[in-house]
Amino acid sequence: MNCHCGSHRSTAECCLALIEGRRQAPDAQALMRSRYTAYVLGRGDYLVATTVPRHRVAEDAALIAEHAATTQWLGLHILSSREHDGEATVEFKAYYRQDGVIAVHHEKSTFARLGGVWYYESGKLYEAAVGRNEPCPCGSGKKYKKCCAKRT
C-alpha cells in the first residue's frame, strides 16, 4: 500500500520508519509528511514526541487518537516547503471527511532543527474549502462538484 503522505512509496519504507523511530526525518517536509501519516494512523504519541519540547502537551496524544477514530483522512497536498539554517516552513492542505462532510486543514507549519533532529514548532491556520472544480479529495478522479459535493 502507498504511504498516506502521498509519496508513492510503501508506508513501511516511508513514514512508518519515522513513526516507529527506525530513522529520523531528513528534512522538515519529511517530518511534516510523517506527522500527517501519524494523524491518519491515530499515533498521537509520535505527534507529541515530534513537537518542540517547550510546546509538548502529553494529554494531546489521547485527544489525537480520539479524533482519528471519527476522521477519515483523504490526502495531503504540499503547497510549499522552505528550509534555511535549521528552520523551515511547510505549507500544506490536508483533506479529510468528518461526519460525512469533506473539509480542508490548510496550515503553514514552522519547524526547527534541534540537536540534528527536526521538530514541529507551530502552525498558522487558513480558512479553506474544497473548490467546486478541484479534483475530489476522495480520489475518484472526478471534479468535487460532480462527486462528493453532490452528496452533501
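Each value in this text was obtained by applying a stated rule to the coordinates, not by laboratory testing. Just so you know, these numbers come straight off a predicted model, no measurement behind them. Cβ placement follows ideal geometry from the backbone for every residue including glycine, while neighbour counts extend to all protein chains displayed.
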**OP:** Count the lysine pairs in the chain whose Cα atoms lie under 29 Å apart, taking only pairs 8 or more positions apart in sequence or on different chains.
**Re:** 14
Original post:
In the P(r) worked out for the stretch 27-116, what percent of Cα pairs fall beyond 16 Å?
Top reply: 57
**OP:** With a Förster radius of 30 Å, plug the Cβ-Cβ distance of GLU87 and ASN133 into 1/(1 + (r/R0)^6) and report the FRET value to the nearest 0.05.
**Re:** 0.25
**OP:** Give the angle, between 0 and 90 degrees and rounded to the nearest 10, that separates the Cα long axis of helix 60-69 from the longest principal axis of the Cα atoms of the chain.
**Re:** 20
Original post:
Relative to the compact globular guide of 2.2 N^0.38 Å, what is the alpha carbon radius of gyration of the stretch 1-150, as a ratio?
Top reply: 1.04
Original post:
Hey, what's the Kirkwood Rh for the stretch 66-120 if you take every pair of different alpha carbons, in angstrom?
Top reply: 12.7
Original post:
What percent does the relative contact order of the chain come to when contacts are Cα pairs within less than 8 Å and at least six residues apart?
Top reply: 17
